[in-house]
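This report concerns only the one structure given below.
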Amino acid sequence: MVRTLEAREAEALIAAGDIDVIDVRDPSEFAGGHVPGARPLPLDVLRGDPSGNLPRGRVLFVCARGTRSQTAAKLAEAAGLTDIYSLEGGTLAWAKAGLPIETPPPPPPRAAGAPEPPPDPSCGLPEPGLDAVVGANMRELRGQRNLSLDALAKSTGLSRAVLGQIELGRTAPSVGMVWKLARAFDVPFSVMLATPGGAGTSVLRADKAKRLVSPDGRFSSRALYPFHEKTDVEFYELFLAAHSREDAAAHQDGTRENLVVTAGQLDLDVGGARHSLAKGDAIVFTADVPHSYVNPSSEDCWMYLLMTYRAHSGRPG
């Protein structure tokens, strides 16, 4: 059920805690000022993958005047959420009620030796962009399996339109989207990122890193292995912003993850069990069940992840 709240009612709900405030405006609108504590999730991104982009608990949608938030609320309802709110009159009504508007502060100077922050998800990817690479591999795998876009949409939960844009290289897929494609094709994640080439020594320069970034920019994954080498082991650098969460669907049967936290804190939920990790802590677990990475602190979290597969299908070509 979708409930519409006036500004003061929404303020009280937010103050009570335990609610995800989602601003569905465009990134430029969000940067111009937003409800404190809101996170950006543009409506077009939400439309492409409602289930993958929404939390499981209570959610309050916000836009400029209340129209787009109602659309987002209906998408959430269709995706199975039951505790849904929409801010009546949007940020305009919020400001008119005399409530504070938050604008993102300029980024602080980076300390010497600190890890490079993830790039702005709105920035273009290096050539060849991961959008083009994923699209080409998706097209080849779909052809090998004689799958229509409609059939692939049914197995991934992504819309046919979004899949078409990914295949044409016109949409940069999020981490969650690539995982859904890999799962649907029953291949390792690395197969979706594979590029032609031979084995040998590879230097992976930080300034040319190719990252997959979540729609809200608060989670990113950087591959630390050459995409052109066939491997049953994958190595990643992961970033999770303060007070953020990234949900992962079950991977292939027998997939194992070995993760170490190098900065910040992490709560890792695996099949309903929670494990709290601090800097230097490591964990090994079977990742063929749903799992979630949760940063409970006010500091960003950095991790390194080693992923191994028990068995897999061949890569494209």
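Among beta bridges identified by DSSP and lying wholly in segment 2-96, the antiparallel ones come to about 0 percent.
Once Rg and the Kirkwood radius are both taken over the C-alpha atoms of segment 13-55, their ratio Rg/Rh works out to 1.00.
Given their separation in residues at 0.36 nm each and the Cα-Cα distance between them, ALA16 and ARG3 gain 3.0 nm when the chain is fully extended.
Projection of the Cα convex hull of segment 2-96, averaged over all directions and equal to a quarter of that hull's surface, yields 5.2 nm².
Of the residues ILE22, ILE166, ILE101, the one with the fewest other Cβ atoms within 10 Å heads the list, and the complete ranking is ILE101, ILE166, ILE22.
Could you list TRP94, TRP302 in order of exposure, starting from the residue whose Cβ has the fewest other Cβ atoms within 10 Å?
TRP302, TRP94
Values quoted throughout were computed directly from the atomic coordinates according to the rules given, and no laboratory measurement underlies them. Since the model is a prediction, treat every value here as computed from it, not as a measurement. Reconstructed Cβ throughout: ideal geometry from the backbone, glycine too, with neighbour counts over all protein chains shown.
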